[in-house]
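Engineer: First the structure, which I've put down as structure tokens, then a few questions once you've had a look.
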Amino acid sequence: EGITKKPLTYVDAVDFDEFIKDKATNFIKAKDGILFIDNVHKLVQPGYSGGRIIDLDILMSEIDKTPDNPIVFLAGFPKGFRDYIDSNADINKRFPFIFRLSDFNSGMMFRVAEQHLMQQGFSLDEASVLKANHLFVYMMKHRDERFTNAYSVQRVVNEWVNAYYLRGGTNRVITPDDMKQAYDPPKTTSEILESLDSFVGMEEIKNYIRGVAGLLEVSKKDAALTGKEEVFSEHLILTGNPGTGKTSIARKLGEVMASIGLLETGHVVEVDRSRMVARYIGQTAGLVQEVCDQAIGGVLFIDEAYTLKQHDDDAFGQEAIDTLMKRMEDERGNFMVIAAGYPKEMMSFIDANPGLKSRFKLENIFQLPDYKPEEMVQILKLMATGQNLEIGADALEVAKAHFEEMYEKRDKTFGNAREVRNFLERCLVNRASRIRSNGLHEMLIRKEDMPPLPKRQSSRSLDEILGELKNLTGLESIKKEVESIARLMEIQKLRKEGGQPQSMPSLHFVFSGNPGTGKTTVARLLAEIFKAVGVLPKGHLVETDRKDLVGEFIGNTAPKTTKVIESAMGGVLFIDEAYSLVGAGHQDFGKEVINTLLKRMDDDRGKFIVIVAGYPNEMQMFLESNPGLPSRFTKHINFPDYMAAELFKIFKGMMEKQAYLLNGDIEEMVGSYFERLLEKKDKHFANGRTVRNFAEAAIQNQALRLSALRMQGIDIQEKLFQFEVDDFKNLIA
């Protein structure tokens, strides 16, 4: 009493144009009272981002002329209205009290329904109370922008009353038959937990869900005895590659939490950075508030959550995280957050944001591994059964061979269940073609409906690979060392197959030697050897150097290095001239490459092997540049320069491979040349590369000589594979 002397002046957004035309007069009329402007969101254009004058800004100017008189209330839907508030910092000065009114929950909806019924002299029987509660939970779970809270409830109640009169009711009691609205009846906790068994794999997270269900059942009974109810607040992190079931688990968790009363509806709101981080200042908090509002009573599932903050200077991303953490605290127990993404990126994301660690307990971080081939077969059978199809036993064998190929070649983008779905779709296309061709319709996927198996590059046996190694010229000590490592790994593989403990040494190498001494060739053979003995699944070699690893600007190096490392997963990463990563300046980006590499060597131990190579002295300096390097690179192989006889053997092998013939004079001349070459060599002597260049130059000289003869009309057919001394004279002068 005494706050205002006049009745409320109500203005709807649709009448706002008329009101604002004579704003000064209308403000005077509302003086000493309350000016209530409703549906303000209609005055804000979609996508509003500030920076342009709208009718609301004109109203603000008028308010500034007569502060606190009249008292102004603005009301409207969050969307649009919130954009305006977030984009205008002065709003908080003019309106110190800003209230967010949440949607009704199912309990509030039921109480409003009871009040409406009582006002009309109606009541609910016991069965109707249960059905009404289920209906309101369903309405809340599926609400959208058309949901109008009390108005929606009133509309439902009116439909009940109409149904009562239509059936000729006389006792003014609403029964379940009067409730015609369609909804999905809720499942019991036991039914939901039973459905978990249809999930392939995921044993750890399935055990967690069952454990939480059991804990909360006991807690509810404890509360009934003690009268003290504990607020449970569970938030999870799910890590894994695409298609590992993260979204499916989120939905199942929502169902379980709702069935045991931890969450009201258990619905899942799926979002990513695009729905939480705005492009303009002041709008991010509003976006986060909006998705949190939608998730109340259920689960907010944030996919690729690590992208929320993309770098240290991402202020909008940090604002999204801060707003989310505050809502998680303010609404403790009212909704659940599940953040999902790739394993390494998610852990880095948590580590970089200390506030998240206290919200996501360590024991609530679950990694969903890639599906194994046999699990992919199970998923394929389930998908086919869902379409009332069977798969023949011989067809399943072909499918398994496909999945083994996929699994062996997988990387971080491996689609898991999505790969299986794509595979099934290809089978269905082939099945349809077969049925159209032979006219025999059957609910069966046959072997001939399977896509053809990709041609696999035949893997060589260990002895075949070691045979190629032995045939290399020189490198005798290296051959012995590599064979020794190979045989050790072969025995460890047999121990593993026999279920015995293994002793797996560190397998990262330093190759030191001058150019052309066979480092890359041996690295390629080592990669094959490690595949043959089961150490690496792919056994491919990825060759790289500084230019592929170091970025051109701050923040670019780690992603470039990571991309190269990812390409080497399952194989060998060969970094040539690795010493060049150690720059002269303290801000050289090469150090970031080394730090990134060392971390991945620890994080992905056993998933790939690194070989660093370069000149002997420079590689020693490389190892001394970072204390973490010597302990990671424990195997050192030195590649000596070739002797003159070895260089000649390499040269002769190159020529014989191309069917060229060398006479005795040429052999003596070339042999003597290599001896003189070694006497003058320095650290830049290129060994095998020098021989290759020498051979190619001789072949070029021969071609020029024969071409000249041919132009003179001389038959050169018998001379195509023969050299003359003149072909070498300008090369050895």
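The values are calculated or read from the model by the stated rules, or taken from the named source; none is laboratory data. Only a predicted model underlies this, so the values are computations on that prediction, with no experimental measurement involved. Neighbour counts are summed over all protein chains in view; Cβ atoms, including those assigned to glycine, are modelled from backbone coordinates with ideal geometry.
Engineer: Given (1) among the acidic types (Asp, Glu); (2) within 27 Å of Met569 (Cα to Cα); (3) assigned to a loop (DSSP other than H, G, I, E, B), where does Glu442 come up short, assuming only one miss?
Structural biologist: Looking at each condition in turn, Glu442 falls short on (2).
Engineer: While we're on this one: Counting residues that are modelled with pLDDT of 85 or more, in the same structural domain as Lys326 (by the TED database) and in contact with a strand residue (DSSP E or B) (Cβ under 9 Å, 6 or more places away or on another chain), which helices (runs of 4 or more DSSP H) fully inside region 352-409 reach at least 1?
Structural biologist: 354-359
Engineer: Another question, if that's okay. Within region 283-299, can one find any residue that is among the β-branched types (Val, Ile, Thr), closer than 10 Å to Phe335 by Cα and surrounded by fewer than 21 Cβ atoms within 10 Å (Cβ to Cβ)?
Structural biologist: yes
Engineer: Next question. Only residues that are in a helix (DSSP H, G or I) and surrounded by fewer than 19 Cβ atoms within 10 Å (Cβ to Cβ): list them for region 88-109, please.
Structural biologist: Listed by number, the residues that qualify are Ile91, Asn92, Lys93, Arg94, Gly107, Met108.
Engineer: I'd like the residue in region 120-171 that is part of a helix (DSSP H, G or I) and either among the acidic types (Asp, Glu) or in contact with an Asp or Glu (Cβ under 6 Å, 6 or more places away or on another chain) (or both) and, out of all such residues, is surrounded by the fewest Cβ atoms within 10 Å (Cβ to Cβ).
Structural biologist: It comes out as Glu126.
Engineer: Output the residues belonging to region 185-204 that are assigned to a helix (DSSP H, G or I) and of a type outside the set (A, V, I, L, M, F, W, C).
Structural biologist: Within region 185-204, Thr189, Ser190, Glu191, Glu194, Ser195, Asp197, Ser198, Glu203, Glu204 meet the criteria.
Engineer: Quick one: in region 157-186, of everything that is over 15 Å from Met118 (Cβ atoms) and aliphatic (A, V, I, L, M), which residue is farthest from the chain's Cα centre (by Cα)?
Structural biologist: Restricting to residues being over 15 Å from Met118 (Cβ atoms) and aliphatic (A, V, I, L, M), the top hit is Leu166.
Engineer: Between Ile485, Ile445, Ile435, which is in contact with a strand residue (DSSP E or B) (Cβ under 6 Å, 6 or more places away or on another chain) and either farther than 29 Å from Gly240 by Cβ or at pLDDT 90 or above (or both)?
Structural biologist: Ile445
Engineer: Could you tell me how many of the residues in region 620-635 are hydrophobic (A, V, I, L, M, F, W, C) and not in a helix (DSSP H, G or I)?
Structural biologist: Qualifying residue count for the region: 1.
Engineer: Okay, next question. Just to be sure before I move on: is Glu718 at pLDDT below 90, part of a helix (DSSP H, G or I) and outside the structural domain of Thr473 (by the TED database) in the structure I sent?
Structural biologist: So Glu718 passes the test.
Engineer: Can you confirm whether region 202-222 contains a residue that is buried (at least 18 other Cβ atoms within 10 Å of the Cβ) and at pLDDT below 80?
Structural biologist: yes
Engineer: If you don't mind, another one. In this structure, does Gln181 turn out to be touching a helix residue (DSSP H, G or I) at 6+ places or on another chain (Cβ under 9 Å), among the polar types (S, T, N, Q) and more than 30 Å from Leu35 (Cα to Cα)?
Structural biologist: Yes.
Engineer: Out of (1) closer than 19 Å to Tyr208 by Cβ; (2) among the hydrophobic types (A, V, I, L, M, F, W, C); (3) more than 18 Å from the chain's Cα centre (by Cα); (4) crowded, with 19+ Cβ neighbours inside 10 Å, what's the single condition that is false for Ala339?
Structural biologist: (3)
Engineer: Residue under question is Ile85, and the condition is that it be farther than 23 Å from Asp184 by Cα, of a type outside the set (Lys, Arg) and surrounded by 14 or more Cβ atoms within 10 Å (Cβ to Cβ); does it hold?
Structural biologist: yes
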